[in-house]
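Values in this text are rule-based calculations from the coordinates and carry no lab data. Just so you know, these numbers come straight off a predicted model, no measurement behind them. Note: ideal-geometry Cβ built from the backbone for every residue, glycine included; neighbour counts use all protein chains shown.
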């Protein structure tokens, strides 16, 4: 523990001063975070839901269904001869918010006055007893409420249901005063939301270094706890509570909120009520603590040890590098990316939560996965035997097409999610394949029958896994993960053929040479296919053109990236000094592409720290992954077996967990190679992230969860094989 903790402190000591450099730029390039005139407290509360309850029943169906969908309304026996009190109060609050937003422009105040005056006049003129009420007054009241709330549909609804005489411009307000009011209030509310983000970004730039340090040390403590015997339930409860408190202290934004809103763990005041998600995590922690004793028999775990002393310290260093890059890009890069660091704060927090919880329950996860896959294997084997060879082949094809069709139908436009689902599918499927290759049944497959038939039977499960992944990626047109899967599949298939050859022939050297030859051939063939048939996809064709002629291509991003790498000083520009937007005016950004935080992370590393450091980080990441997974080969034979634990014989969960970690490392190394090659214009850029460094929630959280399985290995000195 002492060496591991010392390395964590060393990583913090290296990077922490650079966080201090960025803390001095808290208002960002061109004072982009200086907005403080308007806040959410200055906005009128949403008024439309309350109006829907009292007035929607009398409104036209178009108004009711559009503005008040899902709201239970009642027909109140009241006379509509004036505006409701809620609207009158909202008017004063809206005028105050507009005055703060446009301090030197009185046109916004005049617009609000016009909207209310025209609506009040129309309602008063049409006032009738409740028994004979018309739809027109209630329509106007609901439309005015929608305008105050900034509803985008107000203009179209107003033109559709309001009589032309009610929209006459004799009062000088314009024909579509309600639509204009809605647009203005939407702008004001967006500005207020931006003010919240600006204030949060200023605070984050000041405190990011301290938060990263605190999270690193908290994660170290939780990882030490995860290595204790039977830490599962109690460890999960402690992790949930600890990260809930960390979110509250650091004002972490809820990472699963809409991209257009931000939900901070608390307001700026230390006395503010925690956000709902913080309270939910604390409640989950209490529930986990109460259930820990009850679930203890199902979550029995032995003691564990770290897989490598460099495992967790390396993770701390890489996440620190990533946060530095994204903080710098937010403060000084493209204006459209100015809140990336705020979102990344939530992503990293969620990743640390996933890391520590998975580490606490890694053995139960391995047991549950192995049991589920064993059940599926048994069922599929029995069904295949009952159907015969032809029927089994047809069933296999149908089983491949069904998940491909489901993914294509449900996740066609969610590429970030489908890519991570595809990676997880390949990791679990390939791990299960190799886990079972040492069983007597698969050895019989390898040793019986003709060579071709034996090889097909032996590799059929892996070919099924790869086929589903390739089909799903093609159906969703997600070519980046498809390329990574193609390279990784080459490694898996080469290894499986070598295993088959060894079990059939018993020669180790020949099997190794066969694996190397197949893998090199596969990589060359996959790359050649990329350049030959990649043009069939529109996006891939544009990227191929960009690689072939970066200066003449319609997309000059690769030319900019190449120029930037060559122009960067040997030691980099340094945090806070990188010319992400060139040296032009603060209001423009004619420098690097806007997606520098994801596609071009290697280039960002070159600009920030220099080419030598960028390569050191890249190669160090590859070596770090190897060091983590190499210990797994010493912790288990990789085959299904029983071990003695106390007086009981139990399944060795470490074997399958280790195969999961090996598959993840192979896939991650392929991802690292592809993204660096794309930045160097060796292959078309595929939109693939740099592991643990790039911006992206799904990729970061999945990698953090997988490394939660990899950082520890089981240790039981007294165990014996069964």
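If I take R0 = 56 Å and measure r between the Cβ atoms of residue 512 and residue 258 in this structure, what FRET efficiency does the formula 1/(1 + (r/R0)^6) give, to the nearest 0.05? The calculated FRET efficiency here is 0.60. The slack between residue 570 and residue 637, meaning 0.36 nm per residue of separation minus the straight C-alpha distance, is 19.6 nm. If R0 is 60 Å, the Cβ-Cβ spacing of residue 3 and residue 156 corresponds to a FRET efficiency of close to 0.35. Each residue, residue 283 and residue 622, gets one label point 7 Å from its Cα in the Cβ direction; the gap between the two is 4.9 nm.
When peptides 507-515, 599-607 are sorted by average Cβ neighbour count within 10 Å, with the highest value leading, the order is 599-607, 507-515.
Straightening the chain between residue 368 and residue 71 buys 102.6 nm, computed as 0.36 nm per residue apart minus the Cα-Cα spacing.
For residue 577 and residue 88, FRET efficiency with R0 = 41 Å and r from the beta-carbon atoms, rounded to 0.05? The partial results should precede the final answer.
Working: r = 54 Å, r/R0 = 1.31.
About 0.15, to the nearest 0.05.
In this simple spin-label approximation, residue 269 and residue 595 carry label points 7 Å from Cα along the Cα→Cβ vector, and these lie 4.4 nm apart. Packing, as the average of other Cβ atoms within 10 Å across residues, places the peptides 700-712, 241-253, 456-468 in the order 700-712, 241-253, 456-468, highest first. The order of the peptides 373-383, 216-226, 328-338 by mean Cβ neighbours within 10 Å, most packed first, is 328-338, 216-226, 373-383.
Determine the shape class of region 206-274: with a ≥ b ≥ c the square roots of the Cα gyration tensor eigenvalues, call it rounded for a/c under 1.5, and otherwise prolate if a/b is greater than b/c, oblate otherwise.
On the way: a/c = 2.27, a/b = 1.81, b/c = 1.25.
Cα axes put region 206-274 in the prolate bin.
The simple spin-label model puts a point 7 Å past each Cα toward its Cβ; for residue 521 and residue 394 those points are separated by 3.4 nm.
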